[in-house]
Amino acid sequence: MLEYALYTLALLPWTWALYIAVMGLQREWGNMSLIAKIFAAPIIVIGVLSDLLFNWTWGTILFLELPRWGEWMMTARLKRHLEDHRLDWRDRNANWFCHTFLNKFDRTGNHCG
């Protein structure tokens with residue numbers, strides 16, 4: 001049980017670091033050589049898998065709900081809570097999470113919007 005808790009805790013910085021890496025790769029994808037894209041592909045795949053796992057663990061804890069069908073990645077869940085305009089605690093959690101961890105590293109500056 002403790003081992004599971006430690007892995008779940010380690011998922012926080014791991015997934016965020018991969019998110020930052022994937023956003024950087026996405027921003028420069030058109031300027032990258034084929035060999036760079038080949039080396040980048042596993043980072044993107046691992047990033048997506050980490051996001052899926054994060055959404056089912058930390059996302060469930062943060063929102064006290066399982067993701068809905070189709071909310072495979074955390075961003076889909078965050079967007080749903082921000083778009084429903086209920087202004088409840090889940091909306092505040094989604095806003096905080098996007099503002100604190102995601103928006104600054106998205107090329108648009110608004111990852112969840």
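The values are calculated or read from the model by the stated rules, or taken from the named source; none is laboratory data. Everything numeric here is computed off the predicted structure, so don't read it as measured data. A quick note on method: Cβ atoms are made from the backbone with ideal geometry, for glycine too, and the neighbour counts reach across all protein chains shown.
Just a few scattered comments:
- Every condition in (1) out of contact with any Lys or Arg (no Cβ under 8 Å at 6 or more places or on another chain); (2) within 17 Å of THR8 (Cα to Cα) holds for GLY59 except the one numbered (1).
- Residue satisfying all of: in the range 74-113; aliphatic (A, V, I, L, M) and out of contact with any helix residue (DSSP H, G or I) (no Cβ under 6 Å at 6 or more places or on another chain); nearest to ARG27 (Cα to Cα) among these: LEU102
- Of all residues in the range 66-113, those being without any contact (Cβ under 8 Å) to a residue 24 or more places away in the chain and not in a helix (DSSP H, G or I) number 15.
- Scanning the range 1-46 for residues that are over 22 Å from THR100 (Cα atoms), among the aliphatic types (A, V, I, L, M), modelled with pLDDT under 95 and assigned to a helix (DSSP H, G or I) returns LEU2, ALA5, LEU6.
- LEU64 satisfies every condition listed in (1) under 24 Å from ARG92 (Cβ atoms); (2) within 16 Å of the chain's Cα centre (by Cα) except (2).
- Qualifying residues in the range 70-91 (those that are among the charged types (D, E, K, R) and either under 11 Å from GLY59 (Cβ atoms) or surrounded by 12 or more Cβ atoms within 10 Å (Cβ to Cβ) (or both)) - the one farthest from the chain's Cα centre (by Cα): ASP84
- For the range 29-47, the criterion of a residue being within 17 Å of LEU12 (Cβ to Cβ) and touching a residue at least 12 places away in the same chain (Cβ under 8 Å) is satisfied by at least one position.
- In the set (1) crowded, with 17+ Cβ neighbours inside 10 Å; (2) in a loop (DSSP other than H, G, I, E, B); (3) at pLDDT 95 or above, ASP51 fails one condition alone, (2).
- Options GLU65, GLU28, GLU71; residue that is charged (D, E, K, R) and either more than 24 Å from THR108 (Cβ to Cβ) or in contact with a His (Cβ under 7 Å, 6 or more places away or on another chain) (or both): GLU65
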